[in-house]
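Q: There's a structure below that I have some questions on.
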Amino acid sequence: MTAVLVKGGTVVTSTETLKADVRVENGRIAGVGADLSSHEAHIIDATGKLVLPGGVDVHTHFNLEVGGLKVADGFHEGTRSAACGGTTTIVEHPGFTEDGSITAPIANYRKQAQNNCVTDYALHGVVAKVGENTKDDLAALVREGIPSVKVYMTYAGRLNDEEMIRVLEIMKAEHGLVTVHAENHEVIAELTRRLKDEGRLAPTSHPLSRPGYCEAEAVERMIALSRAAGNAPLYIVHLSTGAGLEAIRRAKAEGLPVYAETCPQYLLLTDDEYAREGDDALKYVLSPPLRKREDCEALWQGLADGSIDTVATDHCSFNLSQKTARGRDNIFACPGGIPGAETRLPLLYSEGVAKGRITLNRFVELVSTAPARIMGLAPAKGDIAPGADADIVILDPERKVTISPETLCHNADYNPYEGFVATGWPETVLLRGEAIIENNEFREREALGRFIERSRFTE
Ligand SMILES: [Zn+2]
């Protein structure tokens, strides 16, 4: 494996910004410093560019199949798309199966991901049923390098409060982390029933059926359940509301082990999108739904002040053609989800750093360092430091890209950020020292991504 020397760039980590070269040997970072040299190294000129640790997206659904519909990407196209946007490690959330098996989706996903991922990859577990085997199955999962599970408070695979406490207790004992989709199921069911009864099946009914208070109540309740489980660590996925954020702030102020993730869609898009004409509004059907401008602003504040820990994507790329086929006449039958892995770093850089909402170091922390640390991928991932994997993004802060399905390499037939102009884009991306993107070109070859066994939760 050839050595690589990234010369002349500005290295940015979650804590430092410095002019430095980065030397890579055997897929790892061997040195960071001024005027490094390396015998027979492949030189990458990073003059005028930012040199960042590779992005870590801890919430993807690249391989999801639900209700007989499969998302457009799959592991290969999904991770290719992530790589094109500067992400080098993903943690995939498998969908739950009807029988609620903990082990079967993992075996199935590991098989499908193997030799098929462009980036490194890891998996979360999912718990859709609690029974006699749950404790042993979760212990085995953690031993397999999967120290986190997702639980749902809504959908068919939801758990009740008692089952939640049980899962929280087990995962705490195993030094694992419970991640949760927090929305109040009963309220959503009742509001949906009323809207259906009134024949209100247009896209504008989607946000009305799952209002922000459903999330805020569920976040608050989940924190109570974590207390009941002896302050078990808790990670709220895709936080979308200012009210939910307030509950998280209160928990953090008490010192409770509560973590929050948000996604670019909740920072940049609002429920105005549901009033679009024709099928366009269906592009924005996802759950939780898009919220109000005030929620976006509250979440930006949460990113800046540290109350939100990570930015992931919940990438779930149903095609518009799939959404219209099921949802044109009935929004409640529309498959939910949007593509987002490829635009996560560029949009957060452009809308966050370039517009002065967050600092450059905070940006790196949110998209790479903190998700790697919380999800047990550190110290190999999430930092530019000697010994870490040489997952490196060289970002051109001047490059402007107008976002559209044509300028991106994801498989979905639309993009929810169409028309956004991102200032700053990853130009070259290294995975363990190998260029997977070079000068804005994807290097087509065998998939280099490896399954990463994650460490237990230690915070
Ligand atoms: Zn999700």
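Q: So, with +1 on the Cβ of K and R and -1 on the Cβ of D and E, and no other charges, what is the size of the charge dipole of the stretch 55-374 about its Cα centre, to the nearest 20 debye?
A: On the way: 34 positive and 44 negative charges, 53 e Å.
Charge dipole of the stretch 55-374: 260 debye, to the nearest 20.
Q: State the percentage of accessible surface on the stretch 55-374 attributable to carbon and sulfur atoms; use a 1.4 Å probe and exclude ligands, DNA and RNA. It would help to have the intermediate numbers written out before the result.
A: Details: 4980 of 10790 Å².
Answer for the stretch 55-374 is 46 percent, counting heavy atoms of protein chains only.
Q: Mean separation of Cα pairs under 8 Å and 6+ residues apart, divided by the residue count of the chain: what relative contact order is that in percent?
A: Relative contact order for the chain comes out at 22 percent.
Q: Given a 1.4 angstrom probe, what's the average accessible area per residue across the chain, in square angstrom?
A: Here the per-residue accessible area is 37 Å².
Q: Give the value in nm², to one decimal: projected area of the alpha carbon convex hull of the stretch 366-411, averaged over all directions.
A: Hull-based average projected area comes out at 4.8 nm².
Q: Quick one: grab the alpha carbon gyration tensor of the stretch 55-374, order the square roots of its eigenvalues as a ≥ b ≥ c, and give me rounded if a/c is under 1.5, else prolate or oblate depending on whether a/b is larger than b/c.
A: Judged from the Cα gyration tensor, the stretch 55-374 comes out rounded (a/c under 1.5).
Q: For the stretch 348-425, run through the GluC sites (Glu not before Pro) and keep only the ones in DSSP coil with at most 15 other Cβ atoms within 10 Å of their Cβ.
A: Glu406, Glu418
Q: GluC sites (Glu not before Pro), restricted to the stretch 7-97: which are DSSP loop and have at most 11 other Cβ atoms within 10 Å? Let's see the in-between values first.
A: Values: sites: Glu16, Glu25, Glu40, Glu65, Glu77, Glu92; in loops: Glu16, Glu40.
Sites meeting the loop and neighbour criteria: Glu40.
Q: Order Arg328, Arg373, Arg291 by their accessible area, 1.4 angstrom probe, all chains in place, largest first.
A: Arg328, Arg373, Arg291
Q: Hey, which lysines would be in cross-link range of Lys196, C-alpha to C-alpha under 22 Å, not counting anything within fewer than 8 residues on its own chain?
A: Lys283, Lys323
Q: What is the angle, in °, between the Cα long axis of helix 103-113 and the longest principal axis of the Cα atoms in the chain? Nearest 10 is fine, range 0 to 90.
A: 40 degrees
Q: While we're here: By how many degrees, between 0 and 90 and to the nearest 10, does the Cα long axis of helix 161-173 differ from the longest principal axis of the chain?
A: Approximately 30 degrees, to the nearest 10.
Q: Please identify every one of the GluC sites (Glu not before Pro) in the stretch 239-335 that sits in a loop by DSSP and has no more than 11 other beta carbons within 10 Å of its own beta carbon.
A: The qualifying sites are Glu254, Glu277.
Q: Given bins 5 angstrom wide, list per bin the percent of all Cα-Cα distances in the stretch 297-358, short to long.
A: Values per bin, smallest distances first: 4, 17, 17, 18, 12, 11, 13, 8, 1.
Q: So how much accessible area does Val91 have, in Å² to the nearest 10, using a 1.4 Å probe?
A: Roll a 1.4 Å probe over it and Val91 shows about 0 Å².
Q: Heads up, I need the accessible area for His42: 1.4 angstrom probe, whole protein in place, Å², nearest 10.
A: The value for His42 is about 90 Å².
Q: Hey, what angle do you get for helix 212-228 against the long axis of the chain, alpha-carbon based, 0 to 90 degrees rounded to 10?
A: The angle comes out near 80 degrees.
Q: Check the straight Cα-Cα distances from Lys292 and name the aspartates and glutamates below 12 Å, setting aside those fewer than 8 residues away within the same chain.
A: Straight-line reach from Lys292, under 12 Å: Asp271, Asp272, Glu273.
The values are calculated or read from the model by the stated rules, or taken from the named source; none is laboratory data. Predicted, not measured: the structure shown is a model, and the values here were computed from it. Here Cβ is always computed from backbone atoms with ideal geometry, including for glycine, and neighbour counts include all displayed protein chains. Only protein heavy atoms, including side chains, enter the accessible area calculation; ligands, DNA and RNA are left aside. Shrake-Rupley method; radii C 1.70, N 1.55, O 1.52, S 1.80 Å.
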